[in-house]
Amino acid sequence: METEKLPIEDKRPFVKETNGMFHPPEELSRRGYIKGFAEYRRMYQESIERPEEFWGRQAEEHISWYRKWDKVLEWDFSRIGEIDAPFVQWFIGGKLNVSHNCLDRHLTTWRRNKAAIIWQGEDESQKRTLTYQQLHSEVNKFANVLRKHGIRKGDRVTIFMPMIPELPIAMLACTRIGAIHSVVFSAFSTQALTSRVQDSQSKAIITTDASFHGGRAVELKKKVDEALGDCPSVETVIVYKRAGVPIDMQPGRDFWWHEEMAAEDVKGFCEPEVMDAEDPLFILYTSGTTGKPKGIVHTTGGYLLHVTLSFKAIFDYKDEDIFWCSADIGWVTGHSYIVYGPLANGATSMMFESIPTFPEPDRFWKIIEDYKVNIFYTAPTALRALMRLGDDWPNKHDLTSLRVLGTVGEPINPEAWLWYHRTIGKERCVIVDTWWQTETGGVLITPLASAIPTKPGSASAPFFGVVPEVVRADGTPTEEDEAGSLVLTRPWPGMFRHMNNDVKNQLVKQVYFSTFPGKYYTGDACKVDEDGFLWLMGRNDDVINVSGHRLSTAEIEHALVGHHAVAEAAVVGFPHEVKGQGIYCYVTLRQ
Ligand code: AMP
């Protein structure tokens, strides 16, 4: 297919390349939130030499507190599993509310009428914009609905919804009343939903009749109905009508979102619950080396600060920018960088309901052009898949609004990095390859768009307060360019605090703190090069990463042997050109 060159004048400065290293344009550093490498170094140094001073100052600058903390940090990585005490606490005694930080505090500024969420539905004609004022009003109403249904501080609420604005509305409404949300990825099976609801003992489920996926309607409420037989903790189900497909509604248990929201008694302000910095904020399930998904528990103060500061510093977000993270909110990336990080900064966050190739393979590029997206954050898998479809698709679109490009979820191969740089960024956008995990809450190893140079395939440098080490199996440090295990020696504010139902942190100890005692074991392989750049090299435990989605080999084996014909199963990953890794299953059948 021949496409004509677009007659577009591109005024963005070039990214400078010297000896395989790419430097942010000077103008970007000068105008940046972090003004160049020297400023990053100075701040990083302070964050590890005087963490309490550094994080205390950041917490005052970025978060609104009802009550200031008594102590910034207490931690002990050495006695985890022995006693029933937290292994890390941040901002002890501090009081705040996350929805107040993401919404109310913007209403007294000019941001009141700024777009908080811009939503693009799967159908191109379906679009919605919610200003901070409108989002505030929806969240308050839904928080009142939840309270009316008896949901109180500390109760768990499962949210099983596709990528529509009601998903962040439901999350923020939970945070407003102190309920702990557990978002379950809407493409998960009934079994996956059931086990997560059972583990979290949720009192309510919020869902939709169906979701749209690549032109198909997928029935979500049906999966909820199937799960509910085994989930006696659930008293209330609230259903948002997304597709208009027929569903069963059980009187007394199931309620329509639109009817609940229209009631007179839910209108108006909902007083936010005053939460302790260490009160749980959400549970998010992730796969580990053991068969069962782990309910990672994040708390309020440290998490919010980490995602707020990291969003601003890594992407160099400016108030006039449109930020688009293409992840699903069912994963931690969506929690931290579609919902909490952007909204706490008063940013405009895009949400997209569908997939990159629907209805055509240029959907991402079309959205960037249509909405003039300035910062785009996606996964290497998506880039590799789109790269294979040829440059004509992106070349049809004006992508000159872009300034910063991000990747997350898996290592990015240099070939995909360079394609992103040349074909999407036109050599004028900074690329931030961000390494982190569900457990870490926010990004930990990354370039900062305005301050840290990059090398294709390397996640560059530690974020503030993060002290990485790469070690051999015996715990000794590796040499330059020698692969080893990535460990973290100090806590960071967004660090998870528990695993759900894990008495005395026994599982936390076993999974994260026993391989290298006293240090957090990431499960990732890594090496450090001659310039001190960190290169993440994939998992070195029994976890495989397929299309940026973390899967446990044990969990897949468990599913296979659950079939009556299967005697034994073994699952391994293999290198896959597009997905990063693919799944190989060895199965022995019964006689
Ligand atoms: P999850 O908890 O599902 O976000 O998965 C976390 C895992 O994804 C990490 O342990 C890494 O193996 C992988 N990962 C995430 N981001 C990156 C990245 N930028 N580079 C390399 N691997 C990554």
Yes or no: the range 141-150 includes at least one residue that is out of contact with any strand residue (DSSP E or B) (no Cβ under 6 Å at 6 or more places or on another chain), over 28 Å from residue 493 (Cβ atoms) and part of a loop (DSSP other than H, G, I, E, B).
yes
Flagged in the range 484-519 as open to solvent by 60 Å² or more (accessible area, probe 1.4 Å) and within 21 Å of residue 436 (Cβ to Cβ), in numbering order, are 490, 498, 515
A careful count of residues in the range 397-446 that are of a type outside the set (A, V, I, L, M), more than 9 Å from the ligand (Cβ to nearest atom) and touching a Pro at 6+ places or on another chain (Cβ under 9 Å) gives 10
Within the range 410-459, the residues that are of a type in the set (Asp, Glu) and part of a strand (DSSP E or B) are 433
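Residue check: is residue 587 within 22 Å of residue 408 (Cα to Cα), at pLDDT 85 or above and out of contact with any Pro (no Cβ under 8 Å at 6 or more places or on another chain)? Write out each step before concluding.
Working: within 22 Å of residue 408 (Cα to Cα): no; at pLDDT 85 or above: yes; out of contact with any Pro (no Cβ under 8 Å at 6 or more places or on another chain): yes.
Here the answer is no, as residue 587 does not meet what is asked.
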Of the residues in the range 101-119, those that are open to solvent by less than 40 Å² (accessible area, probe 1.4 Å) and under 16 Å from residue 175 (Cα atoms) come to 101, 102, 103, 104
Counting only residues that are farther than 26 Å from residue 438 by Cα and β-branched (Val, Ile, Thr), the range 547-591 contains a total of 4
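With the range 497-591 as the region, which strands (runs of 3 or more DSSP E) entirely inside it contain at least 3 residues that are away from the ligand (no atom under 12 Å from the Cβ)? Step through it out loud before you land on a result.
Working: elements: 520-528, 534-539, 543-546, 549-552, 566-576, 580-589.
By residue number, 566-576, 580-589.
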With criteria (1) part of a helix (DSSP H, G or I); (2) surrounded by fewer than 19 Cβ atoms within 10 Å (Cβ to Cβ), residue 194 comes up short on (2)
Filtering the range 447-483 down to residues that are open to solvent by less than 10 Å² (accessible area, probe 1.4 Å) and away from the ligand (no atom under 13 Å from the Cβ) yields 448, 449, 450, 451, 452, 464, 465, 466, 471
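Of everything in the range 520-532, what is within 16 Å of residue 444 (Cβ to Cβ) and open to solvent by 20 Å² or more (accessible area, probe 1.4 Å)? Give them in sequence order. Spell out how you get there, then give the answer.
First pass over the range 520-532, keeping only residues within 16 Å of residue 444 (Cβ to Cβ): 520-526, 528, 532.
If the condition is that a residue be within 16 Å of residue 444 (Cβ to Cβ) and open to solvent by 20 Å² or more (accessible area, probe 1.4 Å), then 521, 528, 532 are the ones that fit.
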Turns out the strands (runs of 3 or more DSSP E) fully within the range 308-391 with at least 2 residues that are within 18 Å of residue 448 (Cα to Cα) and touching a strand residue (DSSP E or B) at 6+ places or on another chain (Cβ under 6 Å) are 322-325, 375-378
If we take the range 226-291, then strands (runs of 3 or more DSSP E) inside it with 1 or more residues that are away from the ligand (no atom under 16 Å from the Cβ) and more than 17 Å from residue 181 (Cβ to Cβ) are 254-256
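Go through the range 406-425 and report how many residues are acidic (Asp, Glu) and under 23 Å from the mean Cα position of the chain (by Cα).
Going residue by residue through the range 406-425, those that are acidic (Asp, Glu) are 410, 415.
This time we only want the ones that are under 23 Å from the mean Cα position of the chain (by Cα), so: 410.
Count: 1.
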- Answer yes if at least one residue in the range 310-329 is farther than 16 Å from residue 159 by Cβ, among the aromatic types (Phe, Trp, Tyr) and either within 16 Å of the ligand (Cβ to nearest atom) or within 12 Å of the chain's Cα centre (by Cα) (or both), and no otherwise. yes
Selection from the range 393-403 of residues open to solvent by less than 40 Å² (accessible area, probe 1.4 Å) and under 17 Å from residue 359 (Cα atoms) yields 394, 397
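The values are calculated or read from the model by the stated rules, or taken from the named source; none is laboratory data. Fair warning: this is a prediction, and the values are worked out from it, not measured in the lab. Reconstructed Cβ throughout: ideal geometry from the backbone, glycine too, with neighbour counts over all protein chains shown. The accessibility values were calculated without ligands, DNA or RNA, using every heavy atom of the protein model including side chains. Shrake-Rupley method; radii C 1.70, N 1.55, O 1.52, S 1.80 Å.
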